[in-house]
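Novice: Have a look at the structure that comes next, please.
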Amino acid sequence: MKIIKAILLTTFILLNSLLSPAYILAANEDFVITSDIEMKYSYPNEYVEISETYGIKINNPDYFYRSGMEQTFYIRDFKSTNDSEYISSEREFKKKSIKVIDSNNLELKYTLINQSDGMLLKTNTNTMINSNNDYHITVTYNTHDLTSLNGNISNIYIPGIPKDTKFTEKEGKFGLAVKYNFSATLFTNTDAPELSHLQPANTKVVKNENSIKYTIPVEERLGKNAWVQLGTNQYYYFRIEQEAKQTDFITPEAISDITDLASSNIYRIALPREYEETKQSTLIKSITPEPYKIERDEEGNIFALFKIPANADKTITIEGYIKQSKLSLKDQKELPKTSLEVYKSLVGSDSKLEKYIKPDRYWESNDPTVLGIANKLYEGTSTIDELIRKDYEYVVDTFDYSYDKLKEGNNVRLGAKAALTGSQTICMEYSDALTAILRAQGIPARIAIGYGNDPTGAENKVSNIEPVRQTIAHQWTQVWIPDYGWQSVDPTWGESEREYIGSDLDHILWYSVGFFDEKIADTTVYTADSITSSKIGEYRIYLQALDSDSFNNIEGIEETSTLVDKYKDIKSFDVDFTIRTSMLGRILVYIIPAVTVFTLVLITTLLTKIIIKKLRQSSPSPTL
C-alpha cells in the first residue's frame, strides 16, 4: 500500500509541474484526490472482482490537469507467499479480466510492467481536468488473492492503507492544500452463508434486496486489512499415519506370536481435541490397530495409546472428522471489557491458573529483556482486551516472518528471549514471545498446536478437493478470559495484516501446552530399546475441508468423548507398561519363562526319580 501512496503523491507532483508560480494563494483543499476500492463477491466463487478508482477533483479554478497525462495504478500480489508458480498464474488470471474505464465511460489503453510484488499499470487521461470537470479512472480485475473458499467457510479480505497515511497535506513549493479520501466497500450475494466473523467490528453492514453491503471505516484500515468470514459451521477430514519402525532386532517374531510382552513399544498419539471456543469436536471413523486406551489429560488434550510389536515394521492409521461451529455474528455476545484490576483479582483467586503465569523453558517471562517489554506495554493500559491487543500488535510489528528459516527446515525452537533479541522467527517464535510477554504481565497464557487455513500460505494448505499432507504444524497462543475460557490469539497470521484475536473457523486445534514438562508431542514412544527420534518412524497428517453435504453423508463415526469414557477404567501406565518399556522388564520376560521352564524340568526330573525309586522298592524280589 505504500506504493499506492507514492503514486498519489507522484500525481500531485505532476500537477504542480503544470501550474504557474503566480497562483500561490490557494483556497482550502485546492485538490481532492480519492482512492476508492469496491469489491464484489458471489458465493461460492473462489475469486472476487475488485475495482480501484482514482479520482481527481480540482476546487481552485486557477489550476488544471492537461489531457494525456500518465496515470499509474499498482496491482498488488495481495497474498504473502514465496510460491513463484502461484504468483505467476495469479498475475495471468488478473490480466485476463483487467478493464480500465474513465468517468466518461471510455475504455482506456494501458501497459503492464511486472514488479517484485505486483504489476504496475500505466494509462493516460483523455481529457483536461479543471474545476469544472472532475475526473476519475477505474481499474477492474478479478483475483483469488482476496478470498478463500475453505470447506463450508468463505473468507473475504478488504485491503487496508498504510499506517502512516496522511489525509491532508500541504505542498511545499506553492503551499497547495491537498485532501485525500479513501473508501472501501464489499458487496456479497444475499444467499451467501451467514456472517460469523467481522473485522473491524464497527463495519457498517446494510442488507438490501439484491446484496449485502459492507462499508469499512477508513480509520480502521490504517495498517491492516478488513476481514469478512461467511459460514457458521466447518468440517474437516483428517488421517494420521504413524510409522512404527522396528527397534528390536533380537527377538524373533515367532516369540511375539506367543506373547507380545517379549518385544513391544508403546505409542502415544495426539488426536485433535475438543475446544469450547469453536465448539470443536472430533469423530473417529477408524483406528488401526486398536488402541489399548484413549485418554484425556488435565489440559483437555486427547491421546490414543497403542501396544506395537518392536521386532517388525508396522503403521498406525487413524481416520476421522473434525466439526466446528460458532454463532452467527448477530447472535454473538460481546465480551465485557474487564479492567486489569478486576482481572488480576480473578486470576489470583483461581489456583489452577497459577502455572500459566510462571516462566518456562521457551517462555522466559522472568528475563530482564522480556520483563522490560512487558512492563512498557502494560503502562497506561486499563483493560485486559486492550492489553492483549497491544501485546499482539507489538509482536506483529516487531517480527518479520523468516521464509528462509522455514524453507531451510531449520525449525529449531528458539524461545521468547532469542526471538525478541533479533533471531529468525516463524510461528513458534511469534507465539512463544507473545506467551512470555503475557506471563510477565501476570496474564495466564499457553500455546496451541494445530493446523488451519493459513492466510499467509507459508505453513498450511487445506484443500477442498482431496486430503493434502501438512508438512508443518502451526503454533499460536491462547489467553485466559473470565466467563469465556481460552481465547485464541495468533500473531503469526497477523502478518497478513488481519487481526487474529478471538474465535474463527480457520484454526484446527490439535493440543494445548501449559508448561514444557508436560512433554506433549504429536507422537511419543516409550520403549526398552535405545532409539533416536529418526528411528521412531515418519509422522504424516492429511487434511481436507468438507462442505455440509459431504459431512452429513458420513456414517460409522464415534465421538472421542465417547471413546474416552469407554476406556476410562484402563490404566495407562501400570506393571504391563513397565514390562514393555524398560530393559528390566524385557529381561524379566525372558528370565521368568526360562526359570519357570528350568524349575518345571527340575521338578519333573526329581519327581521321576522319586517315582522310579519307589517303584523299585515296592517290587518283590525274584525267587530261586
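Novice: Which condition from (1) surrounded by 15 or more Cβ atoms within 10 Å (Cβ to Cβ); (2) touching a residue at least 40 places away in the same chain (Cβ under 8 Å) is the one that Ile87 breaks?
Specialist: If we test Ile87 against (1) surrounded by 15 or more Cβ atoms within 10 Å (Cβ to Cβ); (2) touching a residue at least 40 places away in the same chain (Cβ under 8 Å), just (2) comes out false.
Novice: May I ask you to list pairs of residues, at least six apart or on different chains, whose Cβ atoms are under 9 Å apart, with the first in the range 160-180 being of a type outside the set (D, E, K, R) and open to solvent by 30 Å² or more (accessible area, probe 1.4 Å) and the second being at pLDDT 90 or above and assigned to a strand (DSSP E or B)?
Specialist: Partner pairs satisfying both residue conditions: Phe167/Lys179; Phe167/Tyr180; Phe167/Asn181; Phe167/Phe182; Thr168/Ala177; Thr168/Val178; Thr168/Lys179; Thr168/Tyr180.
Novice: Inspect the range 52-65 for any residue being under 15 Å from Ile98 (Cα atoms) and aromatic (Phe, Trp, Tyr) and give the result as yes or no. Full working, then the answer.
Specialist: Narrowing the range 52-65 to residues under 15 Å from Ile98 (Cα atoms): 52-53.
Restricting the remaining residues to those that are aromatic (Phe, Trp, Tyr) gives none.
So far as the range 52-65 goes, no, none of its residues is under 15 Å from Ile98 (Cα atoms) and aromatic (Phe, Trp, Tyr).
Novice: Scan the range 516-528 and give yes if some residue there is farther than 20 Å from Ala270 by Cβ, surrounded by 17 or more Cβ atoms within 10 Å (Cβ to Cβ), touching a helix residue (DSSP H, G or I) at 6+ places or on another chain (Cβ under 8 Å) and modelled with pLDDT under 90, otherwise no. Full working, then the answer.
Specialist: Of the residues in the range 516-528, the ones farther than 20 Å from Ala270 by Cβ are 528.
Right, trim to surrounded by 17 or more Cβ atoms within 10 Å (Cβ to Cβ) and you get 528.
Checking the rest, the ones that are also touching a helix residue (DSSP H, G or I) at 6+ places or on another chain (Cβ under 8 Å) come to 528.
Going one step further and asking which of them are modelled with pLDDT under 90, we end up with 528.
There is at least one residue in the range 516-528 that is farther than 20 Å from Ala270 by Cβ, surrounded by 17 or more Cβ atoms within 10 Å (Cβ to Cβ), touching a helix residue (DSSP H, G or I) at 6+ places or on another chain (Cβ under 8 Å) and modelled with pLDDT under 90.
Novice: Sticking with this structure for a sec: Output the number of residues of the range 126-142 satisfying the condition of being open to solvent by less than 50 Å² (accessible area, probe 1.4 Å) and touching a strand residue (DSSP E or B) at 6+ places or on another chain (Cβ under 6 Å).
Specialist: 9
Novice: Right, something else. Test each condition in (1) out of contact with any Leu (no Cβ under 6 Å at 6 or more places or on another chain); (2) modelled with pLDDT under 95; (3) surrounded by fewer than 17 Cβ atoms within 10 Å (Cβ to Cβ) for Ser42 and report the one that comes out false.
Specialist: All conditions pass for Ser42, except number (2).
Novice: State which residue is surrounded by the fewest Cβ atoms within 10 Å (Cβ to Cβ) when the search covers only the range 195-227 and only residues that are part of a strand (DSSP E or B) and within 25 Å of the chain's Cα centre (by Cα).
Specialist: Our first condition is that a residue be part of a strand (DSSP E or B); within the range 195-227, this holds for 195-199, 204-207, 211-215, 222, 226-227.
This time we only want the ones that are within 25 Å of the chain's Cα centre (by Cα), so: 195-199, 222, 226-227.
Numbers: Leu195: 20, Ser196: 24, His197: 22, Leu198: 18, Gln199: 22, Leu222: 15, Ala226: 25, Trp227: 22.
By that ranking, first place goes to Leu222.
Novice: Being open to solvent by 30 Å² or more (accessible area, probe 1.4 Å), at pLDDT 95 or above and not hydroxyl-bearing (Ser, Thr, Tyr) narrows it down to one residue among Lys79, Lys109, Lys94, Lys2; which is it?
Specialist: Lys109
Novice: Let me ask you something else. Which of the helices (runs of 4 or more DSSP H) found entirely inside the range 559-624 contain at least 3 residues meeting this: over 30 Å from Ile250 (Cβ atoms) and modelled with pLDDT of 75 or more?
Specialist: The qualifying helices (runs of 4 or more DSSP H) are 560-566, 583-618.
Novice: Take the residues in the range 168-194 that are among the hydrophobic types (A, V, I, L, M, F, W, C) and modelled with pLDDT of 95 or more, then tell me which one is farthest from the chain's Cα centre (by Cα). Quick ask: steps written out before the conclusion?
Specialist: Start the filter on the range 168-194 by keeping residues that are among the hydrophobic types (A, V, I, L, M, F, W, C), which leaves 174, 176-178, 182, 184, 186-187, 192.
When the remaining residues are screened for being modelled with pLDDT of 95 or more, the result is 182, 184, 186-187.
Details: Phe182: 30, Ala184: 26, Leu186: 25, Phe187: 27 Å.
Per the criteria, the residue is Phe182.
Novice: Would you point out which residue out of Tyr511, Tyr484 is open to solvent by less than 40 Å² (accessible area, probe 1.4 Å), among the aromatic types (Phe, Trp, Tyr) and in contact (Cβ under 8 Å) with a residue 60 or more places away in the chain? Steps first, please.
Specialist: Numbers: Tyr484 fails: open to solvent by less than 40 Å² (accessible area, probe 1.4 Å).
Answer to the check: Tyr511.
Novice: Against the condition in contact with a helix residue (DSSP H, G or I) (Cβ under 7 Å, 6 or more places away or on another chain) and either buried (at least 21 other Cβ atoms within 10 Å of the Cβ) or among the acidic types (Asp, Glu) (or both), how does Asn152 come out, does it pass?
Specialist: Details: in contact with a helix residue (DSSP H, G or I) (Cβ under 7 Å, 6 or more places away or on another chain): yes; either buried (at least 21 other Cβ atoms within 10 Å of the Cβ) or among the acidic types (Asp, Glu) (or both): yes.
Taking the combined requirement at face value, the residue satisfies it.
Novice: Within the range 243-302, how many residues turn out to be under 25 Å from Val564 (Cα atoms) and among the polar types (S, T, N, Q)? Quick ask: steps written out before the conclusion?
Specialist: Of all residues in the range 243-302, those under 25 Å from Val564 (Cα atoms) come to 243-244, 260-261, 264-302.
Of the ones still in play, those that are also among the polar types (S, T, N, Q) are 264-265, 278, 280-282, 286, 288, 301.
Selection size over the range 243-302: 9.
Novice: What's the number of the only condition in (1) exposed (fewer than 12 other Cβ atoms within 10 Å of the Cβ); (2) within 29 Å of Thr215 (Cβ to Cβ); (3) not aliphatic (A, V, I, L, M) that Asp36 fails to meet?
Specialist: (1)
Novice: Can you go through Lys376, Lys358 and tell me which one is modelled with pLDDT of 95 or more, closer than 13 Å to Ala436 by Cβ and of a type in the set (D, E, K, R)?
Specialist: Values: Lys376 fails: closer than 13 Å to Ala436 by Cβ.
After applying the criteria, what remains is Lys358.
Novice: For Thr232, are the conditions met, namely being closer than 30 Å to Ile161 by Cα and in contact (Cβ under 8 Å) with a residue 60 or more places away in the chain? Even if it seems obvious, please write down each step before you answer.
Specialist: Values: closer than 30 Å to Ile161 by Cα: yes; in contact (Cβ under 8 Å) with a residue 60 or more places away in the chain: yes.
When the stated conditions are applied, Thr232 passes them.
The values are calculated or read from the model by the stated rules, or taken from the named source; none is laboratory data. All figures in this text were calculated on a predicted structure; none of them were measured in a lab. All Cβ positions, glycine included, derive from the backbone under ideal geometry; neighbour counts span all protein chains shown. Please note that ligands, DNA and RNA were not included when accessible areas were found on the heavy atoms of the full protein model with its side chains. Shrake-Rupley method; radii C 1.70, N 1.55, O 1.52, S 1.80 Å.
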